[in-house]
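What follows draws every value from the coordinates through simple rules; no lab data is involved. This structure is a prediction, so every number in the text was calculated from the model and none was measured. Note that we place each Cβ from the backbone using ideal geometry, even for glycine, and neighbour counts take in every protein chain shown.
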Amino acid sequence: MKTLASTEVLDVLNWRYATKQFDPSRKIPADVWETLEQALVLSPSSYGLQPWKFFVVTDPATRAALREHSWNQPQVTDCSHHVVFAIRTTIDAAYVEKFIARTAAVRNMPTGSLDFYRDMISADLLNGPRSAMIKEWAARQAYIALGTFMTAAALLGIDTCPMEGLDPAKYDEILGLADQGLQTVVACPAGYRTASDKYATLPKVRFEKDELIRHI
């Protein structure tokens, strides 16, 4: 596996910023977007359960409707691809069983060998204290996927803007998520910055490393 030099990684992370102005005339090439979709699929999650679905919104009318409920932020309509991160509102035994079956199939192993794993997941998420806060748990998983997506995009020279400034209920209504047992958590436009976006060249404001990292 090819690895980047440390300086290259830091250059990419410094280049990335929450893009305020996208160039609506520039679209992400299909092969690059396919890589970003695969990055979403490969995102890690607790137990590997993937309690999410990602909606890639490119239809202009749908994006215009979403913009009205995104504080009228132009990134929603000007970006190349607008990604909505939705979570499952419930995790039940059937979903856990589906995941166990998928694991067995992908790894070519008998389902019975995963009984302990199934029981562990069930004891935690179906019958344990976290069962009462499953949406909060799932939302935290969605933010892991968001971070994976944004980092992968930056490595490919694609701009993003994580967006919580939206009305989740209206997003759910426009995208028909409730009937699918899903709920909007966050969105992330992706595309290419404009040369006139002044925020692109501003230095990042971060506390000193010594304030944020402690070695014990």
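Assorted remarks:
- Here Ser46 does not qualify as farther than 20 Å from Glu164 by Cβ, crowded, with 16+ Cβ neighbours inside 10 Å and in contact with a Gly (Cβ under 6 Å, 6 or more places away or on another chain).
- Taking helices (runs of 4 or more DSSP H) as the structural unit, those lying wholly within the range 101-216 and holding at least 3 residues that are of a type outside the set (Lys, Arg) and crowded, with 17+ Cβ neighbours inside 10 Å correspond to 134-155, 168-175.
- Look at the range 1-26: where a residue is closer than 21 Å to Leu146 by Cβ and a partner is assigned to a loop (DSSP other than H, G, I, E, B) and not hydrophobic (A, V, I, L, M, F, W, C), sitting 6+ places away or on another chain with Cβ atoms under 6 Å, you get Lys20/Asp197; Gln21/Thr194; Gln21/Asp197.
- Residue pairs meeting the criteria (Cβ under 6 Å; at least 6 apart or on separate chains; first of a type outside the set (Val, Ile, Thr), in the range 99-124; second surrounded by 12 or more Cβ atoms within 10 Å (Cβ to Cβ) and not in a helix (DSSP H, G or I)): Phe99/Leu49
- Test result for Val84, more than 30 Å from Glu136 (Cβ to Cβ), touching a residue at least 12 places away in the same chain (Cβ under 8 Å), surrounded by 15 or more Cβ atoms within 10 Å (Cβ to Cβ) and of a type outside the set (Asp, Glu): no
- Residue ID - surrounded by the most Cβ atoms within 10 Å (Cβ to Cβ), chosen from residues in the range 50-64 that are of a type outside the set (A, V, I, L, M, F, W, C) and over 17 Å from the mean Cα position of the chain (by Cα): Arg63
- Test: residue in the range 11-21 that is in a loop (DSSP other than H, G, I, E, B), surrounded by 14 or more Cβ atoms within 10 Å (Cβ to Cβ) and over 19 Å from the mean Cα position of the chain (by Cα): yes
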